[in-house]
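Student: Questions regarding the structure given below will be posed in turn.
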Amino acid sequence: LAPVAAAIEVISAAGTDGALDELAKHRGIPTRVLRAYGVGVNGPRYTLAVRDHQGRIVDIRQYDVKHKLMMSTAGCRVGLYGAEQLKENTTDIVYLCEGEWDAIALRWLIKWNKAEGIVVAVPGAGTFKPEWVQWLRHRHVRCLYDADPPGRKGEELARNRLKGQV
C-alpha cells in the first residue's frame with residue numbers, strides 16, 4: 001500500500017507547534033491528547049492510522065475540518081480504529097464508539113480516570129464488518145453510538161452481528 005507508506009511519514013511528523021490547534025478546538029480534545037494518539041497533519045487535513053487486530057496499518061483516515069468530513073485514503077480499506085488493542089488486552093471491557101474522535105476522547109477520559117477499558121471505533125454508524133466479530137468474541141462490549149437515527153441503526157447492526165458472540 002504505497003499511500004500508507006507515505007502517510008506514515010506524515011503522521012510521524014505530527015506535533016509541530018500549532019499544527020493540531022484547529023482540530024483540538026473543533027473537536028474539543030486537547031492538542032497533547034491528539035498528538036499522544038498519533039493524529040498527524042497532511043496539508044489541510046488531519047490524519048489517523050487505523051490498524052487491524054494484528055497491528056498492521058489498513059487505512060489512513062483523513063479529516064477535513066472545513067467540510068467536517070472523515071475519509072479513508074484511496075487504496076486502503078476501512079478498519080476498526082483501535083483493533084490492535086484487542087490482541088494486547090484480552091480481559092478489559094470494550095467500548096465500541098461511533099467515530100474515531102469519540103474513541104480518542106473516551107480513551108483520554110479512561111486514562112485520566114485511571115480506569116480500565118479498551119476503546120475501539122467504527123468509521124461510521126452504518127459500518128460494522130462481519131470480520132470484526134471474531135476480534136470481539138467472548139468479550140464484554142458496550143456500544144456507544146450517537147443518539148440519532150443513523151446511530152441507533154448502526155448500534156442495531158453491531159448488536160445483530162455480535163449477538164451470541166459477546
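Student: Just one of the numbered conditions (1) within 17 Å of A158 (Cα to Cα); (2) touching a helix residue (DSSP H, G or I) at 6+ places or on another chain (Cβ under 8 Å); (3) acidic (D, E) is not true of E116; which one?
Tutor: (1)
Student: Just give me the residues in the range 106-154 being in contact with a Cys (Cβ under 8 Å, 6 or more places away or on another chain) and in contact (Cβ under 8 Å) with a residue 40 or more places away in the chain, in sequence order.
Tutor: Of the range 106-154, the ones in contact with a Cys (Cβ under 8 Å, 6 or more places away or on another chain) are 106, 119-122, 144-145.
Within the range 106-154, V120, A121, V122, L144, Y145 qualify.
Student: Next question, about the same structure. Just for the range 31-61: of the residues that are assigned to a loop (DSSP other than H, G, I, E, B) and free of Cβ contacts under 8 Å to residues at least 12 places away in the same chain, which one is most open to solvent (accessible area, probe 1.4 Å)? Spell out the reasoning first.
Tutor: To start, the set of residues in the range 31-61 that are assigned to a loop (DSSP other than H, G, I, E, B) comprises 37-39, 43-44, 52-56.
After this cut, where a residue has to be free of Cβ contacts under 8 Å to residues at least 12 places away in the same chain as well, the list is 43, 56.
Working: G43: 61, R56: 140 Å².
That would be R56.
Student: For the range 118-148, enumerate the residues that are open to solvent by 80 Å² or more (accessible area, probe 1.4 Å) and of a type in the set (A, V, I, L, M, F, W, C).
Tutor: Across the range 118-148, the qualifying residue is only A147.
Student: Would you tally the residues in the range 74-93 being in contact (Cβ under 8 Å) with a residue 60 or more places away in the chain and either assigned to a strand (DSSP E or B) or farther than 20 Å from E131 by Cα (or both)?
Tutor: Step one: list which residues in the range 74-93 are in contact (Cβ under 8 Å) with a residue 60 or more places away in the chain, which gives 74-76.
Narrowing further to those that are either assigned to a strand (DSSP E or B) or farther than 20 Å from E131 by Cα (or both): 74.
Looking only at that region, the number is 1.
Student: Looking only at residues that are over 21 Å from T31 (Cβ atoms) and in contact with an Asp or Glu (Cβ under 9 Å, 6 or more places away or on another chain) in the range 95-117, which one is surrounded by the fewest Cβ atoms within 10 Å (Cβ to Cβ)?
Tutor: Only one residue fits best here, namely E116.
The values are calculated or read from the model by the stated rules, or taken from the named source; none is laboratory data. This structure is a prediction, so every number in the text was calculated from the model and none was measured. So basically every Cβ, Gly included, is an ideal-geometry build from the backbone, and we count neighbours across all protein chains shown. When the accessible area is computed, the model is the full protein with side chains, heavy atoms only, and any ligands, DNA or RNA have been set aside. Shrake-Rupley method; radii C 1.70, N 1.55, O 1.52, S 1.80 Å.
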